[in-house]
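Peer 1: Have a look at this one.
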């Protein structure tokens, strides 16, 4: 059983994460209705963009950061079987991030930070928003340091032994976040805050976009790695089997760490500031980062097949039906895999220069992003919450069937919504607009897919509400007086893992590799703004 102090720490993080998730889900539903043009009374560009910005920040930054920190503390203590190092520092980080969230929320809700969830000047937010965002990141750095130190302490106390895979992956994610958050932190602290406060009249837009590209795509893997941890560590155990290969998992997490950082320029293909050679390099690495995802898909599928055959599945596909589909973790893993395949295909399209030009800034991009983030990533966060909740609260879930209904509805909601967005993107519907009502016969083809979008958004909103209800109702249940001995159990590898190659058990060499790749891919693209004359930008917005 987890130490009560760690349980309280984790629950506090999850409360912020899932509380903001519920608020963001309601805003997302409003955006679907407003954007459809079917409800004229709801149409307000000001409210729409304030809502989109708040929705994006809460989902992409607040939900993820607080969930990842809470999950990381639980993983570190339970997998290493050691007390949490520097509990006070963990709480300091929590409160700094919480204060930052509150500060950023004020201008967001007042419509003074309607910059979507990006940091792209010349669109300008109120200075308080940038300060709040910076504090959110600074608070998360406490978590990073704690994870890295605990990893190092364990290795020193267990020389030559393999760090447990869940902790190895968590440490990789902490290192990834320190590397990737440096880009947006530099932009916010040295460009955007002084600019928003009036200390600087202009900022170099090209430099700002380049620094944000440093963070923009690697952050996706910061979100995704906890989902992969659940796929490797919880799903095989829940299915009644073992993990097919521990070493493949380690290699996948290392590749995610090293290859995910220098790939941001495929978001800048249409921007003129960066040369084609650097865009080619970033694009090639974007294709390479698909390899660890394919490795993950293979390893988890093989683990599930082993479990299915242990449960009596026969024939080529009989093992699939033999799996315990009524286990929320297994169900979520299967559904997450299905969405990952489709979303990953869309990612390859976006990384391809010519095809990217055809779907650039269309609804296709929103469809791809939501399928990977809202679909694959968040459904595994939900399953992980269902698994950890009894172990953190000491109370069982309020229902065994409601989580299954919620996960299925989440899957079908995203299947409907993102299919409509992908098709609308191919039909030319732009993104980042508040309404799609045009007086042109060319847009009549959008109508059935706009209606489909509303249906998908409705299903997702109901599913999100059900998720929050399940957790809240389970927490409110009367205590039985005795705390059940819930244990956090991780999947064992098919072959016993006691020692692994040092390159699969630490990160010193990989940090050097990251530094070299980052210097090669971002060194001159950033330095050029200080070496050559660039054009000033004129503030626009607030």
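Every read-out reported here was derived from the displayed coordinates using simple, explicitly stated rules and does not represent laboratory data. Quick caveat: nothing in here was measured; it's all calculated off a predicted structure. So basically every Cβ, Gly included, is an ideal-geometry build from the backbone, and we count neighbours across all protein chains shown.
Peer 1: First measure r as the distance between the Cβ atoms of residue 3 and residue 202, then evaluate 1/(1 + (r/R0)^6) with R0 = 35 Å and state the FRET efficiency to the nearest 0.05. Could you put the intermediate results ahead of the total?
Peer 2: Numbers: r = 52 Å, r/R0 = 1.48.
The computed FRET efficiency comes out at 0.10.
Peer 1: Apply the a/c threshold of 1.5 to the C-alpha gyration tensor of the chain and tell me whether it is rounded, prolate or oblate. Numbers along the way, then the final one.
Peer 2: Numbers: a/c = 1.44, a/b = 1.24, b/c = 1.16.
Rounded.
Peer 1: Sticking with this structure for a sec: Tell me, what is the percent relative contact order of the chain, built from C-alpha pairs under 8 Å that lie six or more residues apart? Mind showing how you got there, number by number?
Peer 2: Details: 847 pairs, mean separation 106.0, N = 542.
20 percent.
Peer 1: What is the spin-label model distance, in nm, from residue 120 to residue 401 if the labels are put 7 Å beyond Cα along the C-beta direction?
Peer 2: The answer from the label model is 4.7 nm.
Peer 1: Something else: With the cut-off at 1.5 for a/c, could you classify segment 423-513 from its C-alpha gyration tensor as rounded, prolate or oblate? Please list the in-between numbers first.
Peer 2: On the way: a/c = 3.81, a/b = 1.51, b/c = 2.52.
Oblate is the answer for segment 423-513, as a/c is 1.5 or above yet b/c matches or exceeds a/b.
Peer 1: Between residue 247 and residue 41, what FRET efficiency follows from the Cβ-Cβ distance if R0 is 56 Å, with the result rounded to 0.05?
Peer 2: Calculated transfer efficiency: 0.45.
Peer 1: Below 8 Å between Cα atoms, with a sequence gap of 6+, how large is the relative contact order for segment 245-297 in percent? Provide the component values of the computation, followed by the final result.
Peer 2: Details: 41 pairs, mean separation 27.4, N = 53.
That works out to 52 percent.
Peer 1: Can you compute the FRET efficiency between residue 81 and residue 271 using 1/(1 + (r/R0)^6), with r the Cβ-Cβ distance and R0 = 45 Å? Round to the nearest 0.05. Walk me through the intermediate numbers first.
Peer 2: On the way: r = 49 Å, r/R0 = 1.08.
Step by step, r from the Cβ atoms, then E = 0.40.
Peer 1: Restricting to DSSP H runs of at least four residues, report the calculated mean residue ellipticity at 222 nm for the chain, -39500 (n - 2.57) per run over all residues, nearest 500 deg cm²/dmol.
Peer 2: Numbers: 21 runs with 364 residues, N = 542.
Result for the chain, helices only: -22500 deg cm²/dmol.
Peer 1: Arrange the following residues from fewest to most other Cβ atoms within 10 Å of their Cβ: 435, 461. List each step's numbers first, then the result.
Peer 2: On the way: 435 15, 461 19.
Ascending number of Cβ neighbours within 10 Å: 435, 461.
Peer 1: Sticking with this structure for a sec: Which value does Rg/Rh take for segment 180-240 over its C-alpha atoms, Rh per Kirkwood?
Peer 2: Details: Rg = 18.3 Å, Rh = 13.8 Å.
Reported Rg/Rh (Cα atoms, Kirkwood Rh): 1.33.
Peer 1: Contact order normalised by length for segment 1-137, with contacts defined as Cα pairs under 8 Å and 6 or more residues apart; what percent is it? Mind showing how you got there, number by number?
Peer 2: On the way: 160 pairs, mean separation 40.9, N = 137.
Answer for segment 1-137 is 30 percent.
Peer 1: Now, a different point. Order of 141, 95, 364 from fewest to most other C-beta atoms within 10 Å?
Peer 2: 95, 141, 364
Peer 1: Got a sec? How would 398, 144 order by Cβ neighbour count within 10 Å, fewest to most?
Peer 2: Numbers: 398 17, 144 21.
Fewest-to-most Cβ neighbours within 10 Å comes out as 398, 144.
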